[in-house]
Amino acid sequence: MEETYSNHYKSNIQGNRVLASISYFSLFFAPIIVPIVIWIFADKPASQHASKSLVYHIITYSGPIIALVTGSLGMSLMQNTSNNWITIIAIAIACLLAFATLWYTIKNVYRGVSVLTSKTAIFYP
């Protein structure tokens, strides 16, 4: 009896690790949908990872859109005005958002690998 409970517990922990890891790796195949589904239907450790990965996915996918709009605005203002400070600020914001997008993409991959290869029974988001 003790062995079956122990095996079930280990299997449940491994399943939660895989779900948490999929929520981070879903950045490449189903960015917003998979973390929401895991967040709603999974147990507590995996759902916490899913909620965190959802925030990372939103940052990763909204960053380039805002950077493109800001950079385009900066370039159009550069041609129309003689004051270049607004242009420099807009391009700097676009560069910072591009860096944040790259950072959160790398962070998603790192978190997915670290959760999947975790040796402890409790893995914190």
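Would you kindly state how much longer the chain becomes between Ile32 and Ser72 on full extension, computed as 0.36 nm times their sequence separation minus their alpha carbon distance, in nm to one decimal? Each step should come with its number before you reach the end.
Numbers: separation 40, 0.36 × 40 = 14.40 nm, distance 2.63 nm.
Additional length available on full extension: 11.8 nm.
List the trypsin sites (Lys or Arg not before Pro) within region 19-125 that fall in a DSSP loop (any state other than H, G, I, E or B) and whose Cβ has at most 11 other Cβ atoms within 10 Å. Present the calculation step by step, with values, prior to reporting the outcome.
On the way: sites: Lys52, Lys107, Arg111, Lys119; in loops: Lys119.
The qualifying sites are Lys119.
Read-outs: derived from the displayed coordinates by stated rules, not from any lab. What you see is a predicted model, and the numbers here were worked out from it, not measured in a lab. Heads up, the Cβs are rebuilt from the backbone with ideal geometry, glycines too, and the neighbour counts pull from every protein chain shown.
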